[in-house]
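> Please see the structure below; I have some questions.
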Amino acid sequence: MREKTPRKFSTTPGTRDVLPPESTRLLDAQARVLERFRLHGFREIVTPALEYSEVIEEPKLRDSAFKLFDPDNQMLLLRPEVTTPVARLVAQRLRNSPPPYKLSYSLPVYRRTGVGRGQSAEFRQAGVEAVGSASPGEDAGTIALLVDVLRTLGLRPGTDFALVLGQAAFYRGYLNSAAPGAASGVLAALADKDLVRVDEISYTLQPEVAASVREIPRLVGPAADGSVLERAGRYAGENEEAAAALENLHRILEHLQAVGCLDGVMLDFGLIGRHDYYTGAVYEVYASGLGFTVANGGRYDNLLRRFGEPLPATGFAISLERLVSVLPDEEPAPLVVLVGASVEATRTAADLRGSGVPVLHLAEDLPPAQAAEYARSVDAGWVCYPAPDGVKLAAADGGEPEIVSLEECAGRVLS
Amino acid sequence: MRGLRVAVPKGAIFEDALAALEAAGLPVGVLREDGRKLLYRAEGAEFIVSRPSDVPVFVEHGAADIGIVGKDVLDEQRPNVVELRDLGTGACQMVLAAPRNKVEEVQRAISHAEVVRVGTKFPNVARRYFEGMGRQAEVIELHGSVELAPLVGLAECIVDLTATGTTLRENDLVVMDDISSSTARLIANRGSYRLRHREVAALVEAMQRNGNRVG
């Protein structure tokens, strides 16, 4: 029997080691995401993992954050998200350059999670923030970027994923004018996604208001067919705030239509965002076969005020691990294991790399069977030994070795 | 695409849940045929049968698209799911109860903000109840026969669910306070609610239309 591993040598609850090929898929996906971010002009930033606890105000995030104390006995948090640290960074560091600030990041975040709920305490978020512009074109721009990223990674809108778009100001605006006394209770219930409680509160209101209070958060449907917007328009009526929110949504959808991003967009007037800081358009991405959001974002025009710079802003964050879990399977990257302790082997490895072939040089004299086993353990498709004027090449899953030229070897491995 | 997958709770609200789903036009007949299976496939829907407290877990993770579960379980677990409809069935009360001869003692302890020991299957509900009153409690989590705890001195009082009060009476326990009331709820996974909104909305509407006759 193997000796029992001491508990302190395992990873802590909710964290894990990520091994190939999963780690390769994760970092490949990250690289492709960041490439799309750059294509849209977003520049990467890195913020510290530790922040003063005062930086994060959102109660749910504060509660879920890991906390520790610095030498001055100040409370610190491991960042539970990146949007608020970016807001802090913009307010502190960028006030002398002209807005808007278009920033991106891909960083791990940390949250205490209920043990047994299958959630991670550490996961990667890749996201963008466009700070300093209230234009609906910026909302649409970030949404279009998110759709672009998902498409680039091989997900089909409407089939593999849906982007659910809401407008936090619509229902809030309606309630503030039609049922001001009940507004905060209704919004709190909706934030908990408790439509039953929304109904219960509605029964204390005037019948015509009550019906709208019940029906607005249940307005859900594809953005491409205009009926949801039309129905929302009827509820907005004379209400200025709700009408303005709806107008904003119309503008966003126009921009999205212009770039062909309307497929896979669902409208949901019951979506008001998981954090209190959302003030306008909010959205979440769901992938078929996954019960959790893959990405979420929205407009947060009041967050920067806390840091002394009242700037409007919008952005989103993708949960990279969840994204990778729904990506279509891909062939493993080509790799050849070159076996041999000789100088000749070292030179051959370098020559092969020079022609673009990924080579793992195993500087041992290993017999073919063992070399093939090793190659399979590192997901390499090929094994080769140096030979005069070329290599002796064999497939890692068996097959007769063949002496081929370096060009021929490169051709086979990369094909 | 497969039909909606529905999580149905075993036990007290099983029949009520079936009636509600049947009213919504789902082929629940298969569930009555063989009581031992865990997963049932029927035309246009799949059913899983689980412990009530596991229903929100299946739904939150998207392993089931929708489910039926008591509000008491939702209050305890606070899962991230959409709560769509109150089925009005399976009504029961979450109560604070103590043995008849201990009621005054417990009442005094609570009013003096002394620490009372509470046995319960609903530790989060119990904790929030006492915190909400600004009172202190030592919560002892149990998984069954909570009524036993005060009889043998494990706890001074209990926080538990009661429908008719029979079990409490049989054990000579008296209700000291009503904490909340609970009925069966229809819940949905957040993703399924959006990605399969047409099906889910049709189901809710059919329940609303036909359910009142059943309930």
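> Which of A:Pro388, A:Leu414, A:Pro368 sits farthest toward the positive end of the charge dipole of region A:336-414, with +1 on the Cβ of Lys and Arg and -1 on the Cβ of Asp and Glu?
My answer, from the dipole projection, is A:Leu414.
> Within a Cβ distance under 14 Å of A:Glu241, other residues only, what is the Lys/Arg minus Asp/Glu net charge?
So the surrounding residues net to -3.
> Oh, and also: Relative to the first principal axis of the alpha-carbon coordinates of chain A, what is the inclination of helix A:83-93, with its axis defined by its Cα atoms, in degrees from 0 to 90 and to the nearest 10?
90
> Now for a different question. To the nearest 10 degrees, how steeply does helix A:136-152 sit against the main Cα axis of chain A, on a 0 to 90 scale?
Helix A:136-152 and the main axis of chain A meet at about 30 degrees.
> Right, something else. How are the Cα pair distances of region A:54-94 distributed, in percent, across 5 Å bins from 0?
5, 22, 28, 21, 18, 5
> If all Cα-Cα distances of the protein assembly as shown are sorted into 10 Å bins from 0 onward, what percent lands in each bin, rounded to whole numbers?
It works out to 3, 13, 19, 22, 19, 13, 7, 3, 1, 0, in whole percents.
> Dividing the alpha-carbon Rg of region A:336-414 by 2.2 N^0.38 Å yields what?
Output field value: 0.93.
> A further question on this structure: Rounded to whole Å, give me the distance from the Cα center of region B:21-59 to that of region A:274-289.
Centre-to-centre (Cα) distance: 31 Å.
> Sticking with this one: Please turn the phi angles of region A:258-270 into ³J(HN,Hα) values with the Karplus equation 6.51 cos²θ - 1.76 cosθ + 1.60 (θ = phi - 60°), one per residue in order, whole Hz, x for glycine and proline.
Each residue of region A:258-270 in turn: 4, 9, x, 10, 7, 4, x, 8, 10, 8, 8, 6, x Hz.
> Then there's this: Show me the trypsin sites (Lys or Arg not before Pro) within region A:257-340 that DSSP assigns to loop and that have at most 15 other Cβ atoms within 10 Å of their Cβ.
none
> Next up: Per 10 Å bin, what is the whole-percent P(r) computed from every C-alpha pair distance within chain B?
8, 32, 29, 19, 11, 2, 0
> Calculate the length of the line joining the C-alpha centroid of region A:23-47 to that of region A:209-256, in whole Å.
Each part reduced to its Cα centre gives a spacing of 34 Å.
> For the protein assembly as shown, build the charge dipole from Cβ charges (+1 Lys, Arg; -1 Asp, Glu) around the Cα centre, then report which of A:Phe307, A:Ala223, B:Ala63 sits farthest towards its positive end.
Most positive-ward Cα: A:Phe307.
> Which Rg and Dmax, in Å, describe the Cα atoms of region A:60-200?
Radius of gyration, then largest Cα-Cα span, for region A:60-200: 19.1, 53 Å.
> Loop only per DSSP, at most 12 neighbouring Cβ atoms within 10 Å: give me the chymotrypsin sites (Phe, Trp or Tyr not before Pro) in region A:134-238, ordered by residue number.
Within region A:134-238, the qualifying chymotrypsin sites (Phe, Trp or Tyr not before Pro) (loop, at most 12 other Cβ atoms within 10 Å) are A:Tyr203.
> Can you run phi through the Karplus equation (6.51, -1.76, 1.60; θ = phi - 60°) for region B:68-84 and list ³J(HN,Hα) in whole Hz, with x for Gly and Pro?
With the stated coefficients, region B:68-84 comes to 10, 7, x, 4, 4, 5, 5, 4, 6, 8, 6, x, 8, 9, 8, 9, 9 Hz.
> Then there's this: What is the angle, in °, between the Cα long axis of helix B:197-214 and the longest principal axis of the Cα atoms in chain B? Nearest 10 is fine, range 0 to 90.
On a 0 to 90 degree scale, this one is about 70.
> Follow-up question, since we're still on this one. Relative to the compact globular guide of 2.2 N^0.38 Å, what is the alpha carbon radius of gyration of region A:22-326, as a ratio?
1.00
> Now for a different question. Using amide H atoms built in the peptide plane, which far-off residues or other-chain residues are under 5 Å from B:Arg117 H to H?
Here the answer is B:Glu138, B:Glu156, B:Cys157, since their amide H atoms fall under 5 Å of that of B:Arg117.
> Which trypsin sites (Lys or Arg not before Pro) does region A:95-200 hold that lie in a coil by DSSP with at most 16 other beta carbons within 10 Å?
A:Arg95, A:Arg112, A:Arg117
> Here is a further query. With +1 on the Cβ of every Lys and Arg and -1 on the Cβ of every Asp and Glu, and nothing else charged, how large is the dipole of chain A about its Cα centre, in debye rounded to the nearest 20?
Charge dipole, chain A, about its Cα centre: 1040 debye, nearest 20.
> Residue-wise, which Karplus ³J(HN,Hα) couplings in Hz belong to region B:35-51, taking 6.51 cos²θ - 1.76 cosθ + 1.60, θ = phi - 60°, and x for glycine or proline?
The phi angles translate into x, 9, 6, 9, 10, 10, 10, 9, 4, x, 6, 10, 10, 10, 10, 9, 4 Hz.
Since every read-out is calculated from the coordinates, none of them should be taken as a lab result. This structure is a prediction, so every number in the text was calculated from the model and none was measured. Quick reminder, even Gly has a Cβ in these numbers, built from the backbone with ideal geometry, and neighbours come from all protein chains shown.
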